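Student: Mind having a look at this structure? Questions to follow.
Every number here is computed from the coordinates shown, using simple stated rules; none is lab data. Being a predicted model, the structure only gives us computed values, none of them experimental. Cβ atoms come from the backbone with ideal geometry, glycine included; neighbour counts cover every protein chain shown.
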Amino acid sequence: MPTGSFGYDFKVSEVLISETPEPVNRVFTIRFPDTAAKDAFFSNADYLQIKAEYFNVSVSAVTMIADYQK
């Protein structure tokens, strides 16, 4: 499976400004060496199976704040 790693992981107790109506209670960053590695990770069959089994049933909304290229 292509690799990525967590950079930061926060539990959020208070959101002062948000651009989305969904509540935010967790913020984390995932870093990849390049866009190809990111795309490979998120389209990987193993990842998609795990996401369907665990993530989709426990997370009600996702907001991508940014996608950064060096």
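Student: Return, for the Cα atoms of region 1-42, the radius of gyration and Dmax in Å, separated by a comma.
Tutor: Every Cα atom of region 1-42 included, Rg and Dmax give 13.5, 37 Å.
Student: Would you report the distance distribution of C-alpha pairs in the chain as whole percents per 10 angstrom bin, up to the bin with the largest distance?
Tutor: Taking all Cα pairs of the chain, the binned fractions are 16, 45, 35, 5 percent.
Student: Between region 12-26 and region 52-70, how many Å separate their Cα centres?
Tutor: With region 12-26 and region 52-70 each reduced to a Cα centre, they are spaced 14 Å.
Student: Tell me the mean residue ellipticity at 222 nm calculated for the chain from its helices only (DSSP H runs of n ≥ 4, each -39500 (n - 2.57), averaged over every residue, nearest 500).
Tutor: Numbers: 2 runs with 15 residues, N = 70.
Rounded to the nearest 500, the figure is -5500 deg cm²/dmol.
Student: Now, a different point. Can you tell which of F6, N44, V27 lies farthest toward the positive end of the dipole of region 5-58, using +1 and -1 charges on the Cβ of basic and acidic side chains (Lys, Arg; Asp, Glu)?
Tutor: Toward the positive end, the furthest listed residue is F6.
Student: Can you list which of the chymotrypsin sites (Phe, Trp or Tyr not before Pro) found in the chain are DSSP loop residues with at most 15 other C-beta atoms within 10 Å?
Tutor: Details: sites: F6, Y8, F10, F28, F41, F42, Y47, Y54, F55, Y68; in loops: Y68.
Answer by residue number: Y68.
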